[in-house]
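Presented below is the structure to which this report refers.
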Amino acid sequence: MPSYAVLPPLVAVLQAAHQAAEWHAPQRRKGEAAEPYINHLLEVASLVAEATQGNDANLIIAALLHDATEDCAIPNEDLVARFGPDVASLVAAVTDDKTLPKAERKRLQIDHAAHATPRTKILKLADKTSNLRALAASPPAGWATARKQEYLAWARAVVAGTRGASPWLEAQFDAAAGDAERAIGS
Ligand code: ZN
């Protein structure tokens, strides 16, 4: 028997959304508009839901919780206990090892994307799509053009490894990358 309660998918998704809102309550996005962080999590979850036509509740839950370990230090065992091993392993697959230097973490993301499962690829694609939409609409105030260009190139390199997982989501990413490129200029 799993220690977590097996709930109807709609109930489980909303519980995860509520939990994510509480965990990330003090956090804001990096952009000038400083939107509440939950906006990012809901956008990623919504992209995942549409890409999978609502048929993968655990992947939607993982999207809501994908930054909980990295940003809120929620241990993976807690995610297993509350949301089950499938959700916890999806979150672990998109969580950077913060003991590594930043450049190494960024390089590993490119590496890992290419070898990820199709579900993890969808999660990564949705996350990068949301981040590039934000870069176009509300870039961080302190970022020079070169830093924005570097971020865009890196996001494209990560997403290159996810090609084939969801053509619809790839199109969303490509549109966001194009908008970001135009917004950044040269
Ligand atoms: Zn994210």
At R0 = 25 Å, FRET efficiency that the Cβ-Cβ distance of residue 5 and residue 55 yields, to 0.05: 0.70
Net charge over other residues, Cβ less than 14 angstrom from the Cβ of residue 37 (K, R count +1; D, E count -1): -4
Scanning the chain for trypsin sites (Lys or Arg not before Pro) in DSSP loops with at most 16 other Cβ atoms within 10 Å, what's the longest stretch left with none? 1-97
Can you classify the chain as rounded, prolate or oblate using the Cα gyration tensor, where a ≥ b ≥ c are the square roots of its eigenvalues, rounded means a/c under 1.5, and otherwise it's prolate if a/b beats b/c and oblate if not? prolate
Inter-part distance where segment 100-125 and segment 16-32 are each reduced to a Cα centre, Å: 22 Å
Carbon plus sulfur, as percent of the 1.4 Å-probe accessible area of segment 4-184, comes to 55 percent
By its C-alpha gyration tensor, with a ≥ b ≥ c as the square roots of the eigenvalues, how is segment 12-60 shaped: rounded for a/c under 1.5, else prolate for a/b larger than b/c, else oblate? oblate
Given a 1.4 Å probe, how much area per residue of segment 31-91 is accessible, in Å²? 40 Å²
Between 170, 77, 43, where does the largest GNM mean-square fluctuation fall for the chain, given springs only between Cα atoms within less than 10 Å? 77
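The values are calculated or read from the model by the stated rules, or taken from the named source; none is laboratory data. For clarity, every value in this text was computed on a predicted model and none was experimentally measured. Cβ sites come from the backbone with ideal geometry, for glycine too, and all protein chains shown count toward neighbours. Quick note on the areas: whole protein, heavy atoms, side chains included, nothing else; ligands and nucleic acids left out. Shrake-Rupley method; radii C 1.70, N 1.55, O 1.52, S 1.80 Å.
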